[in-house]
Each structure stands twice: as C-alpha cells, then as structure tokens.
1. Go through the stretch 33-45 and report how many residues are closer than 18 Å to F114 by Cα and either modelled with pLDDT under 95 or exposed (fewer than 12 other Cβ atoms within 10 Å of the Cβ) (or both).
2. Name every residue in the stretch 98-118 that is of a type outside the set (V, I, T) and in contact (Cβ under 8 Å) with a residue 12 or more places away in the chain, in order of residue number.
3. D68 - would you say it is exposed (fewer than 11 other Cβ atoms within 10 Å of the Cβ) and within 19 Å of the chain's Cα centre (by Cα)?
4. Count, please, the residues in the stretch 66-84 that happen to be touching a residue at least 60 places away in the same chain (Cβ under 8 Å), within 14 Å of G48 (Cα to Cα) and not hydrophobic (A, V, I, L, M, F, W, C).
5. Please find, within the stretch 93-116, the residue that is surrounded by the most Cβ atoms within 10 Å (Cβ to Cβ) out of those that are small (G, A, S) and modelled with pLDDT under 95.
6. Would you confirm, using the coordinates I've provided, whether S49 is on the phi < 0 side of the Ramachandran plot, touching a residue at least 60 places away in the same chain (Cβ under 8 Å) and not hydrophobic (A, V, I, L, M, F, W, C)?
7. For the stretch 46-65, which residues satisfy the criterion of being of a type in the set (G, A, S) and either modelled with pLDDT of 95 or more or in a helix (DSSP H, G or I) (or both)?
Amino acid sequence: MAKTKIYSPNQVLAVSFLGGPMAMVYALWRNFHGLQDPHGMHQILFWGSIFIVALMLFAPLMTSTWPDYVLPFVYSLAAWSLAERHQMTRQAIATSQDYEFQTVPNVIAVSIVFLIAMMMTAALWYSALAAIGLI
C-alpha cells in the first residue's frame, strides 16, 4: 500500500513563509486530510479563511514603518507550531509505516502557485479599494 504524503512541520513553515497565507491554509488542510481528521480540516478552513480575510482588510491600514517580513514570519511560526502539535512531528513521519514526507518539488510548486494566487487576490482587492477611493 502506498504511503500518504504529508508536510512536515518544517515544510509547513517553508510553504507558509514562501507561499503566503493561502499556502499555509492549504498545507495544513492537506495534512489534516491525509491524517483523516475531518474536524481539523473544517477548523483550518474556517479559521484560515477568517485570517486571510482579516489580513486583506487590515493590511492597507498597517503603517509603512512596520517591517514587511514580520507578519509572514509570525503566521509561518504559528503554522509550524500547529503542525508540530496537532499533526505529526518530523520524527513521527520519518518512522511511520503509513506516512511519508511531501517532496521538495511539491513544496516549491505549492509555494509558487499560492504566492501567485495571493498576489492576484491582493491586486484585485487593492485595485477595488483604490477605485472606490478608500486607499
């Protein structure tokens, strides 16, 4: 039987930091799916969606003195912690008979696809805000 591929906590950290909040939600959701945890799947979609919407709503209000890397670093560490505590540790995946790590090309591809999706979403949102004169 084929092993189920899941993201290690470090891979979740990488995907989150490189691919943005949509990639973070996807990687965590994918892990809950692989672990057959429907409650976790629903929770991460619900809270992740709220986080992304809040981020999009309040990002224009952030001052220019706020370092651009702080927020991605913070939510990436939060995603790493969630994966470490509620999913599987790196060691648990390495010794598991049922699970294996996602491949590096997958981590890179997911990061790129969701980074592009997040950039397009943000561009549309900020264009709409600018068109109605809010920013």
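The values are calculated or read from the model by the stated rules, or taken from the named source; none is laboratory data. On a predicted model such as this, the values are computed, not experimentally measured, just so you know. Quick reminder, even Gly has a Cβ in these numbers, built from the backbone with ideal geometry, and neighbours come from all protein chains shown.
1. 0
2. D98, Y99, E100, F101, Q102, N106, S111, F114, L115, A117, M118
3. Considered against the rule, which asks whether it is exposed (fewer than 11 other Cβ atoms within 10 Å of the Cβ) and within 19 Å of the chain's Cα centre (by Cα), D68 comes out as yes.
4. Total satisfying the criteria: 1.
5. Among residues in the stretch 93-116 that are small (G, A, S) and modelled with pLDDT under 95, the one surrounded by the most Cβ atoms within 10 Å (Cβ to Cβ) is S96.
6. Working: on the phi < 0 side of the Ramachandran plot: yes; touching a residue at least 60 places away in the same chain (Cβ under 8 Å): no; not hydrophobic (A, V, I, L, M, F, W, C): yes.
Criteria not met by S49.
7. At the first step, the residues of the stretch 46-65 found to be of a type in the set (G, A, S) are 48-49, 54, 59, 64.
If the condition is that a residue be of a type in the set (G, A, S) and either modelled with pLDDT of 95 or more or in a helix (DSSP H, G or I) (or both), then G48, S49, A54, A59 are the ones that fit.
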